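Below is one structure; the comments refer to it alone.
The values are calculated or read from the model by the stated rules, or taken from the named source; none is laboratory data. Quick caveat: nothing in here was measured; it's all calculated off a predicted structure. Cβ sites come from the backbone with ideal geometry, for glycine too, and all protein chains shown count toward neighbours.
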Amino acid sequence: MKLEHKDEEGIADAAMKRYRNGEIWDFELEMPVADGASGVVLGLDGGTTSTVCICMPIAPFSHPQIESLPVLARAVAGCSNHNSVGETAARETLEQVMADALSKCGSKRSSVRAVCLAVSGVNHPSDQQRILSWLRDIFPSHVRLYVQNDAVAALASGTMGKLHGCVLIAGTGTIAYGFTEDGKEARAAGAGPVLGDWGSGYGIAAQALTAVVKAYDGRGPSTMLTSNILQALHLSSPEEIIGWTYADPSWARIAALVPVVVSCAEAGDEVANKILLLSVQELASSVKAVVERLGLCGEDGKDTFPLVMVGGVLEANRRWNIGKEVVSCISKHFPGVHPIRPKVEPAVGAAWLAWNSFMKEYHREICRS
């Protein structure tokens with residue numbers, strides 16, 4: 001069996017000519033017909049803040065060598081969470097970032113063998129099917145397509161594409177997601193700020209803004225968050241915070257205030273310290289819920305399992321180390337937890353998932369032929 005046939009080229013090109021979103025794919029018209037090379041895979045990590053697409057080659061590496069797969073191209077775009085920007089804008093962002101990655105590495109859609117699209121906001125099978133349907137409009141029929149929540153790509157980035165263990169993401173938003181060896185999965189949190197993702201960057205910063213307003217009108221204790229946040233936002237009065245907040249209530253814009261909260265906590269502010277302690281408890285409880293539902297810790301609660309930790313809130317670059325405190329809290333319940341801070345970004349994890357899935361299908365077809 002060959003990975004690509006010449007007659008597939010004509011069919012693929014014809015299909016792609018029937019589908020065109022503006023000028024996004026016009027670069028393909030100037031590219032030569034593929035010469036039968038083995039092709040590429042695309043991995044996408046679509047979040048509330050940004051979207052990253054990685055292009056990697058299909059190559060005959062075994063699993064232990066998957067980390068040796070080179071990144072052929074990397075493209076970045078804005079938010080692709082349909083809950084934040086709407087379905088049309090999300091689709092345009094995803095399509096543009098895929099086109100940019102392929103253009104950068106001199107490939108076109110007929111060269112793609114598999115796509116793993118891992119996007120925040122994919123919370124239900126109906127979300128997956130909707131995205132798969134428009135992906136099928138874009139790519140020729142031989143391309144294998146996989147749609148997941150962005151947490152799955154983050155997990156894969158710490159386990160070299162193997163779906164086992166738990167991942168905790170704490171950036172603008174937060175979610176805990178886990179898989180067992182036999183494919184069972186579970187999640188906790190990740191429902192967005194309205195439904196209480198209080199361990200997230202948005203949750204931390206929103207509580208800090210609330211604390212400033214409460215202190216100003218006498219409903220809460222005084223806090224150095226007031227002066228520090230006003231300075232960071234170039235405002236002169238706590239009253240102006242209300243207007244600033246609702247002028248553009250985007251999650252990422254508010255979450256950007258997390259470093260101010262951490263600095264105040266490090267300086268001894270009790271209000272800021274209480275906010276961070278609450279975030280630790282919230283994040284740890286999300287992991288605990290997933291681990292217990294999947295039994296990752298074993299019957300005695302002591303089995304070893306990986307915990308992949310991703311996101312700016314968990315980065316270990318401050319004295320008040322939220323990630324370290326979360327691990328300490330989780331370890332009290334599950335002594336076998338093995339924290340992993342990935343050396344690659346989640347988009348690479350998505351590309352590894354695409355590569356692994358493609359190679360499994362390829363070997364099955366080889367065995368059948």
Considering residues of the range 75-107 that are crowded, with 22+ Cβ neighbours inside 10 Å and in a loop (DSSP other than H, G, I, E, B) only, the residue farthest from the chain's Cα centre (by Cα): SER107
Among the residues listed as SER141, SER126, the single one being modelled with pLDDT under 95, in the same structural domain as SER111 (by TED's automatic domain parsing) and either part of a helix (DSSP H, G or I) or among the aromatic types (Phe, Trp, Tyr) (or both): SER126
Condition broken by GLY196, with the remaining ones in (1) in contact (Cβ under 8 Å) with a residue 12 or more places away in the chain; (2) surrounded by fewer than 24 Cβ atoms within 10 Å (Cβ to Cβ); (3) more than 22 Å from VAL40 (Cα to Cα) satisfied: (1)
Residues of the range 28-67 that turn out to be over 18 Å from the mean Cα position of the chain (by Cα) and at pLDDT below 90, as a count: 21
Where a residue in the range 113-135 is crowded, with 23+ Cβ neighbours inside 10 Å and its partner, wherever it lies, is hydroxyl-bearing (Ser, Thr, Tyr) and assigned to a strand (DSSP E or B), with Cβ under 6 Å and at least six apart: CYS116/TYR146
Subset of the range 263-285 (residues that are touching a Leu at 6+ places or on another chain (Cβ under 7 Å) and closer than 17 Å to ALA170 by Cα): LEU283
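Of LEU163, LEU135, LEU168, LEU155, which residue is touching a helix residue (DSSP H, G or I) at 6+ places or on another chain (Cβ under 9 Å) and either assigned by TED's automatic domain parsing to the domain that holds ALA205 or more than 27 Å from ARG341 (Cβ to Cβ) (or both)?
LEU135
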Subset of the range 243-298 [touching a residue at least 24 places away in the same chain (Cβ under 8 Å) and in a loop (DSSP other than H, G, I, E, B)]: SER250, ALA256, LEU257, ALA267, ASP269, GLY295, LEU296, CYS297, GLY298
Residue under evaluation GLU240, criteria (1) crowded, with 16+ Cβ neighbours inside 10 Å; (2) not in a strand (DSSP E or B), criterion not met: (1)
Tally of residues being within 28 Å of the chain's Cα centre (by Cα) and loosely packed, with under 15 Cβ neighbours inside 10 Å across the range 262-273: 0
